[in-house]
Amino acid sequence: MAHWLVSNYSSIMNIAILNSNTDRSDFAKDWPDDFGKFSTLLREARPDWEFSHFDMIFEQHPKDFTLYDGYIVTGSPASVNSNEAWIKSEMAVVQELMAMKKPVFGACFGHQLIAKALGVVVIENPAGWEFGTVKTNVVNRPDWMQNDSDRSVEHWAMYAAHAEQVSALPEGATLLCQNDQCAIGGFAIGNKIFTTQYHPEMTDEFIEALVVELKDVVGPEVTQRASDSLSTRSDRALFASWICQFFEAGVFEASTSA
C-alpha cells in the first residue's frame, strides 16, 4: 500500500484494549491501568479515537468482534506459559481475531501471546532481564512505519521490562527489530499483526518508579543498569504514530477489499 494512502486515511477508530495486566498491587493502584496507558498514548496521536476496555483476567471478552476496528493486547507480569484459564481463553480470542483478519497489536505479554497463538515457543531470556531503556535495531519498516517528517530511523529507544521472549519468528511474519538481548524484538504480518516486545505505553515517570519498585525482584546489578539507561528516553510519540498508522492501514485494506 502506498504510504500516502495510509497517512491520509481519516476515520475515527474504536479500538478494543484487551487488558492482560494482573498487577493489582498498591504500586499499580498509584498509576493508570494498561487501558489508561494505551488510550492516553494513542490519543496523543489521534485525539478523536474511541477506546473500549476489556479485562481479560476476568474473561470480559467483546461480545461482537465486528464492533471494533482493531485490538490491543497489553503487557502483563503473568507468563504466557502458565496454565491459567484466562490466558488460554485470551489466546482463543486472539486466534479468532486473526482468523477474522482484524488488526491486532501486541506489546510485551501481548507480543508473546500472539507469537504463541501462531505456534511459536516463548522461552526465558538467556541474557536475563531486559529492563529500563533499550535500543533495538530496525530490520524492516512496513509502509505504516513511515512518517513524512520522520528522522531516518536505524534504531529506536523503548522501555523494557521482561525476562521471557519469543524464540523464533512466526511463519509468514516480517522481523521488525532486534538487538543482542532480544532477537525477535517485534514482528508484523501484513497489515493485520504488529507486535513489540517493548512498552510504548510506559511514560518516563512510570518506568522510573517501576525500576525502584522491582529492585528486589531483578537484583542490584539489573536495577543499576536500568537506572543508568533512563538518561535515554523512549521514542514514545514516534511509536504511537506507527501503531495508529498500522490500524489505519488494516482498516483501509479491509474497506478496499470488501
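Take every DSSP beta bridge whose two residues both sit in the chain, then give the antiparallel share in percent to the nearest 5.
50 percent
Straight-line reach from Lys102: which lysines have Cα under 20 Å away, leaving out those fewer than 8 places along the same chain?
Lys63, Lys88, Lys116, Lys192
Which aspartates and glutamates have a Cα lying under 15 Å from the Cα of Lys101, excluding residues fewer than 8 positions away in the same chain?
Asp64, Asp69, Glu248, Glu253
Between Asp30 and Ala254, what is the spin-label point distance in nm, taking each point 7 Å from the Cα along the Cα→C-beta axis?
With each label placed 7 Å out from Cα toward Cβ, I get 3.9 nm.
With charges set only on the Cβ (+1 for Lys and Arg, -1 for Asp and Glu), what does the dipole of the stretch 1-125 come to about its Cα centre, in debye to the nearest 20? Can you show the working numbers first?
Working: 10 positive and 16 negative charges, 71 e Å.
The dipole magnitude comes to about 340 debye.
Which is farthest toward the positive dipole end of the chain among Val93, Thr66, Ala254, measuring Cα position about the Cα centre, with Cβ charges +1 (Lys, Arg) and -1 (Asp, Glu)?
Ala254
Considering amide H positions built from the backbone, and no H for Pro or chain starts, which residues 5 or more places from Cys108, or on another chain, come under 5 Å of its amide H?
Thr196, Gln197, Tyr198
Need the list of lysines near Lys135 for cross-linking: C-alpha distance under 22 angstrom, and skip anything on the same chain fewer than eight residues off.
Partners within reach: Lys37, Lys215.
With charges set only on the Cβ (+1 for Lys and Arg, -1 for Asp and Glu), what does the dipole of the chain come to about its Cα centre, in debye to the nearest 20?
500 debye
For Thr174, tell me the accessible area in Å² from a 1.4 Å probe, rounded to the nearest 10.
Accessible area of Thr174: about 60 Å².
At 7 Å along Cα-to-Cβ for each site, give me the label-to-label distance between Ala237 and Lys88 in nm.
For Ala237 paired with Lys88, the spin-label model returns 4.6 nm.
Under a GNM of the chain (C-alpha, springs under 10 Å), which listed residue has the highest mean-square fluctuation: Lys192, Lys37, Lys215?
Looking only at Lys192, Lys37, Lys215, the largest GNM fluctuation is found for Lys215.
Please calculate how many Å² of accessible area the stretch 123-258 carries per residue, with a 1.4 Å probe and no DNA, RNA or ligand atoms counted. Could you put the intermediate results ahead of the total?
Numbers: 5850 Å² over 136 residues.
That works out to 43 Å² for each residue.
If you take the square roots of the eigenvalues of the alpha-carbon gyration tensor of the stretch 78-153 and sort them as a ≥ b ≥ c, do you get rounded (a/c under 1.5), prolate (a/b over b/c) or oblate?
Numbers: a/c = 2.78, a/b = 1.33, b/c = 2.09.
Oblate, since a/c reaches 1.5 and b/c is not below a/b.
Suppose we look only past 30 Å in the calculated P(r) of the chain. What percent of the Cα-Cα pairs does that tail hold?
Summing the P(r) tail past 30 Å for the chain gives 21 percent.
Length gain on complete extension for the stretch Met100 to Glu171, per 0.36 nm per residue less the alpha carbon to alpha carbon distance?
23.8 nm
The values are calculated or read from the model by the stated rules, or taken from the named source; none is laboratory data. Only a predicted model underlies this, so the values are computations on that prediction, with no experimental measurement involved. Positions of Cβ are generated from backbone atoms using ideal geometry, with glycine treated the same way; all protein chains shown enter the neighbour counts. Accessible surface is based on the protein model in full, side chains and every heavy atom, while ligands, DNA and RNA are left aside. Shrake-Rupley method; radii C 1.70, N 1.55, O 1.52, S 1.80 Å.
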